[in-house]
Structures are given as structure tokens and as C-alpha cells.
Amino acid sequence: MTRPQAQAGELRRALEAEGAEVVDVPVIRIVPLEDSREVDRAIGRLDRYAWVVFTSRNGVEAFCRRVEETTGDLRALARARLAAIGPGTARALRARGLGVHLSPREYRAEALVDELVRRGVGGLSILIPRAEAARPVLPEGLRRAGARVDVVAVYRTEVDQGARDQLLRHLRAREVDAVTFTSGSAVRAWVDLLGPGVVGSPRRPLVACIGPVTASAARECGLPVDVVAREYTVSGLVEALCEAFASPAPGG
């Protein structure tokens with residue numbers, strides 16, 4: 001598993017329930033922003049937004065934490081309609097007592113744009129709190145539909161340089177049968193640490209991605225992709241891995 005430690009529990013439990021031995025080596029860290037002024041300005045005008053759109057659990061946690069720090073509670077956020085890109089993001093909102101007004105059937109930005117546009121966003125103000133570096137699909141699609149969109153970074157990811165030696169040790173010992181990626185940022189961190197050639201070496205581990213966006217990032221970075229979950233969730237990833245290991249492994 002390459003995802004951050006704080007998010008590893010659900011995937012670990014699901015894999016272990018299927019009998020897997022989990023090697024947990026986070027390759028990225030979630031880091032708060034040093035400058036919160038832009039976020040604070042958005043929080044100060046929350047009553048102007050018709051929608052607040054969240055694209056990750058990390059975005060929910062970081063933004064809600066800042067709302068609580070600046071206003072004392074989340075009631076200001078509850079005045080807007082809230083959209084979540086997928087079930088994990090929706091659960092993070094509900095865990096804070098917030099309702100979820102929209103979550104697309106397909107858990108990706110393109111589907112979220114389609115659902116919002118179908119409901120009518122022309123002339124509406126929409127806030128998107130998200131990672132410092134993220135795909136432009138969502139804000140660009142909403143702006144084309146006539147929405148006024150504010151994008152504010154609420155956290156950033158950075159490569160965990162301490163992971164490199166652990167990864168090399170496990171890979172060189174051939175202790176890894178599969179590597180899982182649940183975000184493009186984890187893919188890029190892996191390549192930053194090791195380059196694409198380590199996974200592509202003889203008897204390489206299977207490369208599994210939680211969805212097509214992560215898989216596309218992997219291919220762009222030169223990694224082979226063997227498994228892409230049909231449902232872009234932890235359970236979908238585990239199901240895809242189980243199916244893959246029912247067949248001959250790649251590179252073996």
C-alpha cells in the first residue's frame with residue numbers, strides 16, 4: 001500500500017480480510033498549507049456559494065478543520081449544498097454532521113461536472129476546496145457551463161523521501177506481489193522515489209490502480225498498469241485484485 005498512513009486502515013482491513021499480507025509504505029504525506037489567507041477569505045463568504053464541491057476526504061478534513069478554527073462550528077458550511085465525488089468523501093462529510101446533496105454514480109470529476117450541469121449551474125457561485133495541485137477538469141467544466149467557480153487549495157501532498165529505502169528493500173527481496181495506487185499523487189511520488197523501471201523489472205509485482213484517472217497518471221509516468229478497479233473505491237480495488245490473482249500474474 002502506498003497511500004498515506006491516516007487513510008490506510010480501510011484498504012488494509014479489506015485486503016487482510018481476503019488473506020493478503022499487507023506491506024504498508026506510504027509514499028506521500030498530507031501537509032497543511034503554510035498560508036491560509038485564501039481559504040479564510042472563502043470561508044468568510046460561504047453564504048455566497050450555492051455549492052461547495054469536495055473531491056477527496058483530505059479536502060473535507062482540511063477545509064472543515066479550518067472552518068471550525070475560524071468560525072467555531074460548521075453551520076456556515078451547512079447553508080450551501082454539498083457535493084462529494086465519491087462514497088469516501090461523502091462519508092467524511094456525514095461524519096461531521098453534514099448532508100450530501102450530490103454524489104455522482106461514477107466517482108470521477110467528469111461525472112461530477114455532468115451531474116452538476118444537469119442540475120443547472122449557470123450564474124451560480126461554486127467553491128471547490130481541494131489539493132494544491134489537482135486536475136483542472138472540474139472547475140473548467142463548470143465554468144464552461146456558466147458557473148462562477150472559486151478553487152482554493154486547502155492542503156498539499158509531498159513525497160515521503162523516507163519511503164525509498166523501504167520500497168527498495170521489499171522489492172529487491174521480491175516480497176511484493178502487487179503495488180496499489182489510490183491517487184495520481186502517489187503514482188508520481190513512487191516514480192520520483194524509484195523511477196518507473198523498478199516495477200518494470202523482471203518478475204515485477206502487479207500494478208493495481210483504484211480507477212482510470214490514477215491508471216492514466218501511472219501510464220503517463222511510464223508505469224505498466226495491470227489492474228484497474230471497475231468501481232473506483234477501496235472495495236472495488238480489492239475485488240479487482242482478487243480477480244487478477246485468480247489468473248497468471250504479469251511478468252511471472
Could you please state, rounded to a whole Å, how far the C-alpha centre of the range 215-231 is from the C-alpha centre of the range 1-32?
18 Å
Could you tell me the distance between the Cα centroids of the range 70-108 and the range 164-202, to the nearest Å?
33 Å
Kyte-Doolittle mean at least -1.0, axial Cα span of 20 Å or more - DSSP H helices of the chain
57-71
Over the Cα atoms of the chain, each weighted equally, I'd like the Debye log10 I(q)/I(0) at q = 0.11 Å⁻¹, rounded to two decimals.
-0.62
Tell me, what is the Rg over Rh of the range 49-152, with Rh the Kirkwood radius over Cα pairs?
0.93
Cβ neighbours within 10 Å, averaged per peptide: list 138-144, 116-122 in order, most packed at the top.
138-144, 116-122
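So what's the back-of-envelope 222 nm ellipticity for the chain, counting only DSSP H runs of four-plus at -39500 (n - 2.57) apiece and dividing by all residues, rounded to 500?
Mean residue ellipticity, 222 nm, calculated: -12000 deg cm²/dmol.
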If you consider only alpha-carbon coordinates, what radius of gyration and Dmax does the range 116-228 have, in Å?
18.0, 58
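Any read-out appearing in this document is the output of simple, stated calculations on the displayed coordinates, not a laboratory observation. Keep in mind that what you see is a predicted model, and the values were worked out from it rather than measured. Quick reminder, even Gly has a Cβ in these numbers, built from the backbone with ideal geometry, and neighbours come from all protein chains shown.
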